[in-house]
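J.: Mind looking over this structure? Questions follow.
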Amino acid sequence: MNKIVFYLLILLVIVSCKQEKKSNEYIDSPIDVPLPIETELQLEEETEAELPIVPLAYLKAYSGKYATQENLLTNGVLSQRLQNLERFNYKALIQNYNTETSLVIIDNIVHMSGCKQHNCPSNAYDFFIDLDNDNINVFYFRSNMLRVYQEKGLIELPAEFAKDLNTKKDNAGIGNPDSIESKYEL
């Protein structure tokens, strides 16, 4: 009887070892193993780190809205960057920018324009902001003169923006030596 009990115990140990080994095989399988929390967080951080940080990307949320209503020209990153543009008169912009168009985004280029109320030809601004290359261009029309302020070089404009800008230049008499009167319009 002792022998039978002994053999049964050995058989039980062997069977339980085999079951334990099988369950370990399933646990070690990459399909069934959930990622530990630390690993998931590391993957999220790595994914976020791969995305470029674009300081002006927040402007996408303002598509169709007006810069002055949203205080884009007086608060935040855009305001600071405009103030830092070489030879750009930020105070004149704030004073004269009171008739405007809404923000439009084409090919990740933001456009907005504005001018002095009831006198667009004397003070008008067209902004182009390249979100991919983090660059700002300001086209300042004053009567029949144009001054371009650029942060990191000229932005290559989408066809629709380029066409509108050329129309404004023509209306303002930019490049026409016989023109002495601007007809700039938003």
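The values are calculated or read from the model by the stated rules, or taken from the named source; none is laboratory data. Note that the coordinates shown come from a computational prediction; the quantities given were computed from them, not determined experimentally. No Cβ is skipped: glycine too gets one built from the backbone with ideal geometry, and neighbour counts run over all protein chains shown.
J.: Quick check on my filter: what residues within region 94-139 are β-branched (V, I, T) and within 17 Å of the chain's Cα centre (by Cα)?
T.: V104, I105, I106, I109, V110, I129, I136
J.: Further question on the same structure: Please verify whether region 36-46 includes one or more residues that are among the hydroxyl-bearing types (S, T, Y) and modelled with pLDDT under 90.
T.: Checked against the condition, which is being among the hydroxyl-bearing types (S, T, Y) and modelled with pLDDT under 90, region 36-46 yields at least one hit.
Condition check ((1) of a type in the set (S, T, N, Q); (2) surrounded by 13 or more Cβ atoms within 10 Å (Cβ to Cβ); (3) within 25 Å of Q83 (Cα to Cα); (4) at pLDDT 85 or above) across all residues:
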position: P121; (1), (2), (3), (4): no, yes, yes, no
position: F128; (1), (2), (3), (4): no, yes, yes, yes
position: V138; (1), (2), (3), (4): no, yes, yes, yes
position: E151; (1), (2), (3), (4): no, yes, yes, yes
position: L157; (1), (2), (3), (4): no, yes, yes, yes
position: K163; (1), (2), (3), (4): no, no, no, yes
position: G173; (1), (2), (3), (4): no, yes, no, no
position: N176; (1), (2), (3), (4): yes, no, no, no
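J.: Restrict the check to region 62-70 and report whether at least one residue is surrounded by fewer than 15 Cβ atoms within 10 Å (Cβ to Cβ), of a type in the set (V, I, T) and in a loop (DSSP other than H, G, I, E, B).
T.: Filtering region 62-70 for residues surrounded by fewer than 15 Cβ atoms within 10 Å (Cβ to Cβ) gives 63-66, 69.
Filter again for of a type in the set (V, I, T), leaving none.
No: zero hits.
J.: I'd like the residue in region 146-172 that is of a type outside the set (A, V, I, L, M) and assigned to a loop (DSSP other than H, G, I, E, B) and, out of all such residues, is farthest from Y90 (Cα to Cα). Let's see the steps before the verdict.
T.: Going through region 146-172, the residues of a type outside the set (A, V, I, L, M) turn out to be 147, 149-153, 156, 158, 160-161, 163-164, 166-171.
Add one more test, that the residue is assigned to a loop (DSSP other than H, G, I, E, B), and what stays is 151-153, 156, 158.
Working: E151: 14, K152: 18, G153: 19, E156: 24, P158: 26 Å.
Applying the filter and picking the extreme gives P158.
J.: Further question: Which residue pairs have Cβ atoms closer than 7 Å, lie 6 or more positions apart in sequence or on different chains, and pair a first residue in region 64-75 that is more than 16 Å from I105 (Cα to Cα) with a second residue that is assigned to a loop (DSSP other than H, G, I, E, B) and of a type in the set (A, V, I, L, M)?
T.: Close Cβ pairs satisfying both conditions: L73/A67.
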